[in-house]
Amino acid sequence: MAARTEEELPKKEEEMAVAVAVEDEGDEYESKESLLQRYFLQEWRLVKSRLDDIVSNGCVSDLSSVHKIRSIMDKYQQQGELLEPYLESIVSPLMLVVRNKTIELGVDSDEILEVIKPICIIIYTLVTVCGYKAVIKFFPHQVSDLELAVSLLEKCHGMSSATSLREESTGEMEAKCVVLLWLSILVLVPFDISSVDTSIANDDLGRLETAPLVLRMVKLSKEYLSDAGPMRTIAGLLLSKLLTRPDMSFAFTSFVQWAHEVLSSSTDDTISYFQLLGAVEALAAIFKAGGRKLLMGVILCVWNDASGLFKSGTAAHSTLLRKYLVKLTQRIGLTCLPHRSPAWRYVGRTRSLGETVSLNASKMVELCSQDAHLPSIISEESADCLQDEDMNVPEVVEEIIEILLSGLRDTDTVVRWSAAKGIGRITSRLTFSLSDEVLSSVLELFSPGEGDGSWHGGCLALAELARRGLLLPTSLPNVFPVIVKALHYDIRRGPHSIGSHVRDAAAYVCWAFGRAYYHADMRSMLEELSPHLLTVACYDREVNCRRAAAAAFQENVGRQGNFPHGIDIVNTADYFSLSSRVNSYLHVAVSIAQYKGYLHPFAEELLHNKICHWDKSLRELAAEALSALVKYDPEYFASILVEKLIPSTLSSDLCTRHGATLAVGEVVLALHRCDYTLGTDRQKRVAGVVPAIEKARLYRGKGGEIMRSAVSRYLECISISQLTLPQKIKQTLLNTLNENLRHPNSQIQNAAIRALKYFTWAYLVTANNEDMSGITSKYVEQLTDQNVAVRRGAALALGVLPYEFLSSRWNDVLLKLCVSCAIEDNPEYRDAEARVNAVEGLVSVCETLTGAWDCSNTSSGVDDLSLYLLIKNEVVRSLLKALDDYSVDNRGDVGSWIREAAMEGLEKCTYMLCLMDYYRTVHGVESLPEMPQGHMVENTDMQTFFDTNMAMSMIGGIVKQAVEKIDKIREAAAKVLQRILYNKKIFVPFLPYRKKLEEIIPNDPYIEWSVPAVTYPRFVQLLQFSCYSRVVLSGLVVAIGGLQDSLRKVSISALMDYLEAVEVADPSERSSRECMLSVDIVWVLQEYKRCDRVIIPTLKTVEILFSKKIFLKMEAHTAVFCSRVLDSLAVELKGSKDFSKLYASIAILGYITLILEPVNTQAFFQLLILLGHRFPKIRKAAAEQVYLVLLQNENLVAEGKTERALEILSETCWDGALDAIKHQRKELYVLAGMELGETVHVKDTVPNEDGGKNPMANDENASYSSLVGSSGF
């Protein structure tokens, strides 16, 4: 980035730009601030060019320039300081344009408003970004501008905003705000305002009279005080600057009297409410800007009004009013108390971070010895100062402090924050004894009976006192226990808890302590504070609390320097690492716990506060976090924490027993991984946890499902740990897992499956064969249970059983699972989840069996070959059949779950068969031996398990899913194909057109396959290959004819691009892509006959293709295609009540009537039949189509009868009663040459593809009566 060379920029700004550029070039990982600065400097040229155009033209010629500048400035709402170096270059020229144009055009001109409004939008945008104080410094402030600005404000006052939306604003509100701000600086002229008021004819204005110019400003400001927008605040600012002038005593008194009337008014409407807000806000601004001498005379009146209003119902219902009243109250108190710097105030010595780090141990000891006398010195000096303090505090101050203390209890944060600031400011002007009383009152807010608002307000007040040096080190022992409690404040309220704002404020107090006190005064407290801060930083539920505690710890490390390993901890627990709760619990906390003094506090926090937390996910995370700490002190966790947790597993509180159960399991597992062996007695206690839970019947009632999941995880942990269990407890735990497997909740079933996998390996594999066979047989029998939950669990259970359980009955297991993958015959028993689990269980069993065979390294025998033959002939066939599962229920396309699982299963089975083929090739096995009788296998003479037919079926089924309408399924299918094509360990042979597949599916992991615009243009290329074309088209038509508009546009666009490309060069293929596509469409219509899921979108696809002139130029094949489509329509229209199908069919018939004889006549006859359909809308649609057809082809009716036919069609009400149109229908039949009883022989007259005539056939749909029946009546 080059340094700026514009003459308008000061040299300092140029140096700043260059410095930023150098820093950016040298910093590979630039900070956010550097990026924003560089980004703004790049935009400065654009902003300056637009501003130069405005200044040179004296107006805004293009409103888009204003909106562009505003959009650029709005980016800096959070970092307005980046704009401050450029404010003068922006504000001064624009305000000069406003001033000069006002003088030039005159205030009375209507044109002046159109000039200044766009300019004021830019200026007010800067006010919102940088604040008014930074902007008004560059406003013109000549004395002569005062009257001009007042007149301009009066001119703007008559405008009304057309919209309340900022983006659509035309500048009315912005103009008023800018002129008010201009006046707020002009009224500070060091002359009597009456001397610049030209409306005063003589100099004999009375001393007590107010200049007319002032009256005009006050009048306008009072009106703006009733406004709901930002003008109210700016008007209060203007009044505070104007009325606190020395020459405005009469106007000031008059305004106070007006404010008294407003505050005392009992009117209750919207205007009065905003006027009340404005009056209080203006008084607060006046008491902030005015001198004590001026304000003392009106304190009593204003205080009486404010205190009465504070207790009224209006304030109780208005947060903003209470906030302004608290501001006014504290400023009244500050006015009552003389400004003084208390001698007892604490003044600490500050040090930089570099000084803290570089301070070596010897210097630290020496410094500490020197600072040991500091508290006594401070106390002695304070005692001397206390003797000299003699202060008369007005009684009203006590009432003000009471109101501020009550403000700390307010329900709204903004009120509590303002009250806390007031407490700090007023305490700074009190004596030591009075300030100590204030501190005692603040500490009373932390009593157990107070609510969360009081705790929050108390923390804010303590932070303000500490920041101002009003909280002496001698008071810290009383304050620290309160702050520690606030850091862990979390109160359960029903299904949630409150207290995050209290913990956040407590961290702010700790941050303030780090900045306020010298390290010697904090030394005794830091050892107690640091574990609590880091506990909150690592384990708090809310991210803002974690970051606040980490910021407080970082501040104390930098300024106090008494934290061991402070820098390392700060680097670990930074702003970004704490953003993730999981990362905070499992990584940041574990890294910090290695340092001395943090492990046990962390464990106690998890044990007492997080294991029993109301949030279920937090309890689970806390259990994992507790196990992650075990490696630092296994003995402590085994002897103390486990003993504390085991009784809690039977707690009456659900959260406690759930968290304790999880924690015991996780800790036992962590101890096992640390090679720590539990004692025999402790193992018995751990083993008895689940039986005790069942004996206490804790699975019943509320929370039973949660406990079942926790128990399953517990059993998983102790199984991995291989805890010693008696035989009786083993059977009890197995029964528990079986009960959980039968549960309808999928989460409980999945947890039980994970536990069963390790439980069988740890405790049941060594049992006798009869027991293992009995368990397997039980799960196989449950596959046909009427309870769907039992079927789901049994399928999953079979998938995780070890090889020893399956070796004796693997044939029955596989065949039963194959049957379970199919859709159930009885609709009442159908369950998508059960079929998904069956598919997953089937593939898992195959992996277990083949994996055990691979590991055994035995020679290939009959049993091994029969297993792979069964996988080939039954398992793969079942998975291919599962790809056609399009079941739908009230949740949508639940069949997609089965199809996704089947695709992944096919991939795994492909690898199994290819590995076996590779093994047989390596060992010289050329053919499969003949199988003995009794084994249901086929194709034993094939040379390989994975052959060309299987490859074609498998790839075709997956490719079909890759062009389906569901994004997730398309992505899953494409990724499966990608893995099959580019697997580095296993080469999959016999894939048809493998090179083309690799072109369509490149080995790029970053392709977004779920995006239709990426997927369809690629896979539609497979339509040119006969082995893929039909399956691809059967999936593609569902997308083209579906309801999703965006998907339809992309898919039809991809198909049209494919059809419009040059014809394929391979002479063995069809002569035309259209011809091949038409054949495939006819196949789809016949294959999915009466299946509306495919037929309706296919008909819509044919309609779309006809509309794009596809299929109409295939010469003889066009008639063949249309004839086949008519045959399919005859079947589909018979008794159909689906409007989508009927409308699409009518449109297709209309297109077919445009081709040559004799197919068009048959299509026209079908259209005429639909004129008598039972549905009025269908009759009307058919009549409209017949009308359009006759306009284009007059040969369809008798010669000279076209006009009559069109007249009948246009004048008849086809959506009326069916009997009323009977005569018109018959007349149309006669005009078209149709007579009742006439038989239409379509196939007799349509040439076949070889150019000959189709033979006569006894077609049930060939007669007129069948056509009438097919129309639905």
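Details
- Per DSSP, loop trypsin sites (Lys or Arg not before Pro) in segment 584-619 with at most 13 further Cβ within 10 Å: LYS596
- In Hz, Karplus ³J(HN,Hα) per residue of segment 1105-1120 (6.51, -1.76, 1.60; θ = phi - 60°; x = Gly, Pro): 5, 4, 5, 9, 6, 8, 6, 9, 10, 9, 6, 5, 5, 4, 5, 4
- For segment 1096-1198, with all protein chains in place and a probe radius of 1.4 Å, 54% of the accessible heavy-atom surface sits on carbon or sulfur.
- Ranking SER240, LEU215, ILE271 by how far each Cα lies toward the positive end of the dipole of segment 211-353 (charges on Cβ) leaves SER240 at the top.
- Segment 80-137 - percent of accessible surface contributed by carbon and sulfur, probe 1.4 Å: 47 percent
- Charged-residue dipole, Cβ positions (Lys, Arg, Asp, Glu), the chain about Cα centre, Debye nearest 20: 2260 debye
- Sulfur and carbon atoms: percent of accessible area, segment 403-465 [1.4 Å]: 51 percent
- Contour minus Cα-Cα distance for SER64 and ILE498 (0.36 nm per residue): 151.5 nm
- Projecting the Cα atoms of LEU715, LEU1154, PHE1139 onto the charge dipole of the chain (Cβ charges, centred on the Cα centre) puts LEU715 farthest toward the positive pole.
- Of the trypsin sites (Lys or Arg not before Pro) found in segment 865-911, those that fall in a DSSP loop while having at most 11 other beta-carbon atoms within 10 Å are ARG891.
- Cα convex hull of segment 659-723 - mean projected area over all directions, nm²: 4.1 nm²
- Rounded if a/c under 1.5, otherwise prolate or oblate - segment 475-515, Cα gyration tensor axes: oblate
- When only Cα pairs below 8 angstrom with a gap of at least 6 residues are kept, the chain shows a relative contact order of 3 percent.
- Counting only Cβ charges, +1 for Lys and Arg and -1 for Asp and Glu, the dipole size of segment 650-797 around its Cα centre is about 300 debye.
- Per residue, in Å², the accessible surface of the chain once ligands and nucleic acids are set aside, probe 1.4 Å: 45 Å²
- Size descriptors for the chain (Cα atoms only): Rg and Dmax, in that order, 43.1, 132 Å.
- Cα centre as origin, Lys/Arg/Asp/Glu Cβ charges: segment 991-1032 dipole, Debye: 240 debye
- Oblate is the label for segment 536-646, because a/c, from the alpha-carbon gyration tensor with a ≥ b ≥ c as root eigenvalues, is 1.5 or above and a/b does not exceed b/c.
- Probe 1.4 Å - accessible area at LYS1109, Å² to nearest ten: 130 Å²
- Multiplying each eigenvalue of the alpha-carbon gyration tensor of segment 168-314 by 5 and taking the square root yields semi-axes of 26, 21, 13 Å, largest first, rounded to whole angstroms.
- Calculated from the alpha-carbon coordinates, segment 459-536 shows an Rg and a Dmax of 13.0, 45 Å respectively.
- Whole-Hz couplings from phi, Karplus 6.51/-1.76/1.60, listed for segment 834-845; x for Gly and Pro: 5, 5, 4, 5, 5, 5, 5, x, 4, 5, 5, 4
The values are calculated or read from the model by the stated rules, or taken from the named source; none is laboratory data. Only a predicted model underlies this, so the values are computations on that prediction, with no experimental measurement involved. Because the Cβ atoms are built from the backbone with ideal geometry, glycine has one as well, and the counts that use them run over all protein chains shown. Side chains included, ligands, DNA and RNA excluded: accessible areas come from the protein's heavy atoms. Shrake-Rupley method; radii C 1.70, N 1.55, O 1.52, S 1.80 Å.
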